[in-house]
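Note sheet for the following structure.
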Amino acid sequence: MDLMGMVNSAIAAKDTEASGGLVGSLLGSLNNAPVENNKIGGIASDLQGILQAKGQGNPASLMGTLQTVATTGMVERLLASEQVTAIAQHVGVDPAMVRSVTPIIAQFLVKGSNQQGGGLLQKVLSGEVDLGQMANLIGMASKFM
């Protein structure tokens, strides 16, 4: 199964909140984010490593944190300021860009996952879905929409 197929199957799972329009709404949000699409993939890749470290053994706890970040935009609940700065330096963007993209990614993970962290979050934590590749794919798709 290709990357978008895995993402779509995780989103379509019966116990997730996602709807068919989720990828479309994500495209809109990412297009409006104040950062170039090619940088979003870098932010997402770095974020995946942090998520994997935090979610090890307890995806349900990480799910609660992601829900808070997605609904409030409080990136500090997930990332320490040093992590935001490190991601920004690695990707070559302003830390404010990391803070604006992270809640969008969190929302996508929340909507494609169940309360226990199954579905999309589990695929990201296991490495089955590469967040960076997914963001780059979505960025590429947005150029044709």
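Taking the residues in region 110-130 that are of a type in the set (S, T, N, Q) and in contact (Cβ under 8 Å) with a residue 40 or more places away in the chain as candidates, determine which candidate is surrounded by the fewest Cβ atoms within 10 Å (Cβ to Cβ).
Within region 110-130, the match that is surrounded by the fewest Cβ atoms within 10 Å (Cβ to Cβ) is 116.
Can you list residue pairs whose Cβ atoms sit under 8 Å apart, with the first residue in region 80-109 being under 18 Å from residue 65 (Cβ atoms) and without any contact (Cβ under 8 Å) to a residue 24 or more places away in the chain and the second being basic (Lys, Arg) and part of a helix (DSSP H, G or I)? Count only pairs 6 or more apart in sequence or on different chains.
From residues that are under 18 Å from residue 65 (Cβ atoms) and without any contact (Cβ under 8 Å) to a residue 24 or more places away in the chain, the pairs are 84/99.
Starting from residues that are over 17 Å from residue 40 (Cα atoms) and among the hydroxyl-bearing types (Ser, Thr, Tyr), keep the ones in region 76-118 and report whichever is modelled with the highest pLDDT.
First, pick out the residues of region 76-118 that are over 17 Å from residue 40 (Cα atoms): 76-78, 80-82, 110-118.
Those still in the list that are among the hydroxyl-bearing types (Ser, Thr, Tyr) too: 81, 113.
Details: 81: 95, 113: 86.
Among residues in region 76-118 that are over 17 Å from residue 40 (Cα atoms) and among the hydroxyl-bearing types (Ser, Thr, Tyr), the one modelled with the highest pLDDT is 81.
Give region 75-86 a look and list any residue that's among the aliphatic types (A, V, I, L, M) and either surrounded by fewer than 16 Cβ atoms within 10 Å (Cβ to Cβ) or in contact with a Pro (Cβ under 8 Å, 6 or more places away or on another chain) (or both), or say none. Quick ask: steps written out before the conclusion?
First, pick out the residues of region 75-86 that are among the aliphatic types (A, V, I, L, M): 75, 78-80, 84, 86.
Correct list: 75, 80, 84.
The values are calculated or read from the model by the stated rules, or taken from the named source; none is laboratory data. If you're wondering where the values come from, they're calculated on a predicted model, not measured in any experiment. Using ideal geometry, Cβ is built from the backbone for each residue, glycine included, and neighbour counts are taken over all protein chains shown.
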